[in-house]
Structure formats: C-alpha cells, structure tokens
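Visitor: Shown below is the structure under consideration.
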Amino acid sequence: MKTFSTSKELGDYISEQKKDGLTIGFVPTMGALHKGHLSLVQYSKQNCDVTVVSIFVNPTQFNDKGDLERYPRMPELDAKLLDDAGCDILFLPAVQEIYPEPDTRVFDFGQLDKVMEGAHRPGHFNGVAQVVSRLFDIVKPYRAFFGLKDFQQLAIVREMVRQLKFDIEIVAAPIVRDSDGLALSSRNMLLNDVQRKSAPLIAKTLFEAKEKANKIPVAYLKEWVINSINKDAELKVEYFDIVNAETLQSVNSWGDANEVFACIAVQVGKIRLIDNLRLV
C-alpha cells in the first residue's frame, strides 16, 4: 500500500494509473476504522482496479467542538487494517492540504439538509459537501463508496455530485452491524461498558418497528419507538423520524412514499449514535 500526504503526489500517481487504463475507487473516511469501513474497501476492490482510502477528520463538519476533540484518531492502526485489507493507496492529508485557504462555499440542498441531522447539527452537511467535493477534486475517482448508516449524508453527497456535475458513480453499501445488532461506528469505541450494553436497544427497536410498519399509524409507531428507547436510562432519543427515502421529508401515512425509512439519533452519555432501517 502506498501512502501520500499531499494532493500533488497523490494526483500525479493516480494520473499514471489512469494512463494505464485503470479505474479508481474511493472510500473517504475519518479514520478509527471498523468492519463497516473495510466492507467499503472490499466493495471498491470488487468494482475498481485501484482503491484509494482517505483518512481526514474534517473540522468544517463538526458544529460541536467537543465532538471534534473526542473523535477517535488512530492512524497507525488504521493504516495496518487497510494494508491487510488490500487497499492500494492511503491518503493522509493535513488540514492545510485540504483547505489551503478557508472554504467559504455555501451549498443549497433545499430541504434535504433541513431535517434530522441537518436540523440538529447546523452547518454539518455544508462541511460534508466541502470536504467530499475537495477530495473528489483531488482523487478524481470513477466510483466512490459510502455506507448506508449515514443515510442522510448519502443523499447530500448524491445531490452535491449532481450540482457540481462530478462524473462519479456514488455506490451505497449496506450497514454492517455487530453480533448484537448495533450499527458499527467509530464512536462505539467511546462507549463505556454500561453504555455499550444498552446501545443495541436502538437497532432492536428499529427492527421491531419494521414488524409493526403498515399495521399501526405512523404517528403511533414514532411514539412507540421513542418511548421504548427512552425507557433505558442510558439512552435519550435526540430525534426519530419516518421519512420518504427520496426527499427525507416526514411521512404521515404508509402510502405517502414508495420507500419509507426510519432514521434515529440517540445520545448515549456524551456519545451520539445514529442508525436507520427501511420499513417499507
């Protein structure tokens, strides 16, 4: 595995690969890698000739300075995991490499970034669009791979690609879960033992909600999910919504959309976990 820290060195190397007719797959990450990230690497390896993974904790997408400071960083371990997984290129840029000048761009995503994560983390998705578009400019991949756990982020990235006319295929990969159902997340390692024992209730409740979908009114199901999770003293629902998968807007009845997803954010102590599941 080759490692680059500057855009120019990486860009020059990728250009040489493209001259040989090779396709570039890209997995952008913030590090603290787990099996979910590594599954994206495998998807890329299966669908592209050369796989590039970036590790960059992007400051512009954190509206909570404490969350930015707490975010786990372990580049040496991450590099070994990627090497073992068969990653071809690791891009490890410093902040000034991604933002040689302050990025003042403001994106308009209509209603996509006004709900759920966007409503609770002002500016978050603008920061995501800034960093992903910058990375796309540097890597110039054929395909880019994202996990469905960040369901709203995926919609934002697709809209950003459309607006900026990137010729990049965005590939969504399924959520990878632990044996107890908890969606894998870099933040899981910040949970203490008691919190980690409680956290699987989030996924358990979503899967039970899927069984209830179409059988009870949407409003009743929302109330049931929130109450079920909040009964655990370690968990506090920040938001739960049942939405149209395309527009991300709330549905009022099961027939309002062809695809309906349940999306949730839960505070577990100071740690914030998200999850989602298709209901219909």
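Visitor: Net charge around LEU190, counting only other residues with Cβ within less than 11 Å of its Cβ (Lys, Arg = +1; Asp, Glu = -1)?
Guide: Computed value for this residue: +4.
Visitor: Let me ask something else about it. Compute, for the chain, the length of the dipole vector about the Cα centre, with Cβ point charges of +1 (Lys, Arg) and -1 (Asp, Glu) only. Units Debye, rounded to 20.
Guide: Dipole size: approximately 440 debye.
Visitor: Enter the accessible area per residue of the chain (Å², integer; probe 1.4 Å; all protein chains in place).
Guide: The answer is 48 Å² per residue.
Visitor: Nearest 10 degrees is fine. How inclined is helix 35-47 to the longest principal axis of the chain, computing both from alpha carbons?
Guide: 50
Visitor: Moving on to the next point. Measuring from centroid to centroid over Cα atoms, what is the spacing of segment 260-280 and segment 88-120 in Å?
Guide: 22
Visitor: Which value, in nm² and rounded to one decimal, describes the direction-averaged projected area of the C-alpha convex hull of the chain?
Guide: Result: a mean projected hull area of 14.6 nm².
Visitor: Using a 1.4 Å probe on the protein chains only, how many percent of the accessible area of segment 73-213 belongs to carbon and sulfur?
Guide: 53
Visitor: Quick one: angle between helix 218-230 and the longest Cα principal axis of the chain, in degrees between 0 and 90, rounded to 10, please.
Guide: The two axes meet at around 80 degrees.
Visitor: Treating the angle as unsigned and between 0 and 90°, give the value, to the nearest 10°, between the Cα long axis of helix 201-212 and the longest Cα principal axis of the chain.
Guide: 60
Visitor: Return the lysines within reach of LYS45: Cα separation strictly under 18 angstrom, same-chain partners fewer than 8 residues apart disregarded; answer none if there are no such residues.
Guide: LYS45 reaches LYS2, LYS18, LYS35, LYS80, LYS140.
The values are calculated or read from the model by the stated rules, or taken from the named source; none is laboratory data. Fair warning: this is a prediction, and the values are worked out from it, not measured in the lab. Cβ sites come from the backbone with ideal geometry, for glycine too, and all protein chains shown count toward neighbours. Protein only, heavy atoms only, side chains kept; ligands, DNA and RNA dropped before computing areas. Shrake-Rupley method; radii C 1.70, N 1.55, O 1.52, S 1.80 Å.
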